[in-house]
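I have placed the structure first, in the form of structure tokens, so that the comments after it can refer back to it.
Each value in this text was obtained by applying a stated rule to the coordinates, not by laboratory testing. Because the structure is a prediction, the values reported are computed rather than measured. All Cβ positions, even for glycine, are placed from backbone atoms using ideal geometry, and neighbour counts span all protein chains on display.
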Amino acid sequence: MTRWDALDRFLDTDPEDVGCEQAMALLHVYVELLRADPRSAAERYAGIEAHLRACGPCCEDFEGLLSAVSADQRLKVL
Amino acid sequence: MRCATPAPDHRTPTDEQPDRESTEWLRSLASAGPLKEAAVARLHELLLKAARSEVNRRRSRLGLAGPELDDIAHQAAADALMAITAKLGEFRGESRFTTWAYKFVILEVSTKIGRHFWRRRTVAMDAEDWERLPDRFGLDPAAKAEWHDLLAALRRAVDDVLSAHQRRIFVAIVIAGVPVDALALELATNRNAIYKTMFDARRKIRAELAANGYLDTQTPTARQR
């Protein structure tokens, strides 16, 4: 831990980060695998996870899709 | 990761064979007449519901009222429906059809919100209020003596090691606080291009600060591995 952790994290770049385009292209696949098997999702889509850690807008979209899919599945169970 | 870990689901999306419900969606949307009309209406209903839920989820960060939020939801659902019906042939069965469809409407909500930003705000993209930086990075004003030199070095790095384009993007996002999607619209580019520019800018600034002893040469990611 440093006194400027937030700045250090902001400037950190992960070589595995796949970028917005690739992350969004596979977001629907990643979200379903994450719901079914989080460990497999982390292994298979490490580049997407690296991207979502760094990109606020894509993380927001990820959370939105996860929320929509979860709500949809809850309705089907009822 | 800030993003939440969900509860386990029972379906593993690995076989790339559309499930029965997805096959039915594809069949009815590709048909004609009343069957197609009913499927389009049902899909629009699902998309509008998802869009409304999404704008509500984001409302606290948007500062928008009910009618504006509902307007964004309606526009997002209509545009997502048009995109989905035009791209049915691109669905490869890697997920449920509805998951694939929801992605369109979530991305449309982001785009509409980005567009809305410029209607509500008069932020100058190139406003250089560097006094905002300490707050942006959670630096304690009481410890200014400790981080004053670091921020001065950061500003020098922005001026010295970034290209003019990288500097413009950095200032718009970090200093002026323009959201990435709003900036992409303003510059007639896309989120990915902005992200790549910022990715390179962040890497260059960090390398400069590390070379001058302000940050550890090992990044947080490298330290974790």
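Quick one: among B:Val109, B:Val178, B:Val158, which has the greatest mean-square fluctuation in a GNM of chain B with alpha-carbon springs under 10 angstrom?
The residue with the greatest mean-square fluctuation here is B:Val158.
Placing unit charges on C-beta atoms (Lys and Arg positive, Asp and Glu negative, everything else neutral), compute the dipole magnitude of region B:62-112 about its Cα centre in debye, rounded to 20.
The calculated dipole for region B:62-112 is roughly 280 debye.
Determine the shielding of peptide B:178-185 by partner chains: average, over its residues, the number of Cβ atoms on other chains within 10 angstrom of each Cβ.
Mean number of neighbouring Cβ atoms from other chains: 2.
Rounded to the nearest 500, what is the 222 nm mean residue ellipticity of chain A from helices alone, with -39500 (n - 2.57) per DSSP H run of 4+ residues and division by all residues?
-23500 deg cm²/dmol
Anyone know which of B:Gly177, B:Gly63, B:Gly138 comes out most mobile in the 10 Å Cα GNM of chain B?
Of the options given, B:Gly138 has the highest mean-square fluctuation.
Can you list the lysines whose alpha carbon is less than 28 Å from that of B:Lys36, not counting same-chain residues fewer than 8 positions off?
A:Lys76, B:Lys49, B:Lys87, B:Lys103, B:Lys112
Would you work out the relative contact order for chain A, in percent, from Cα pairs under 8 angstrom that are 6 or more residues apart?
After rounding, I find 33 percent.
Below 8 Å, C-alpha to C-alpha, sequence gap of six or more: please give me the relative contact order for chain B in percent.
It rounds to 18 percent for chain B.
Under the definition of partner shielding as Cβ atoms of other protein chains within 10 Å of a residue Cβ, what is the mean value for peptide B:210-222?
Counting Cβ atoms of other protein chains within 10 Å of each residue's Cβ and averaging gives 3.
Averaged over peptide B:93-101, how many Cβ atoms belonging to another chain are found within 10 Å of each residue's Cβ?
Averaged over the peptide's residues, the number is 5.
Among A:Ala36, A:Ala50, A:Ala23, which one moves the most in a GNM of chain A with springs linking Cα atoms closer than 10 Å?
Comparing A:Ala36, A:Ala50, A:Ala23 in a Gaussian network model of chain A, the most mobile one is A:Ala36.
By average Cβ neighbour count within 10 Å, what is the ranking of B:76-89, B:93-106, B:198-211, A:54-67 from highest down?
Packing proxy ranking, top to bottom: B:93-106, A:54-67, B:198-211, B:76-89.
For the pair A:Arg3 and B:Asp149, how long in nm is the line joining their label points, each one 7 Å along Cα→Cβ?
It is 1.1 nm.
Let me know the charge dipole size of region A:4-74 about its Cα centre in debye, to the nearest 20, where only the beta-carbon of Lys, Arg (+1) and Asp, Glu (-1) is charged.
That gives region A:4-74 a dipole magnitude of about 280 debye.
Helix A:27-36 versus the longest principal axis of chain A: what angle, 0 to 90°, nearest 10, using Cα atoms?
Compared with the principal axis, the helix lies near 70 degrees.
What is the pair-distance distribution P(r) of chain A, computed from all Cα-Cα distances in 5 Å bins starting at 0, with each bin given as a whole percent?
Distribution as computed: 3, 15, 22, 21, 15, 11, 7, 3, 2, 0 percent.
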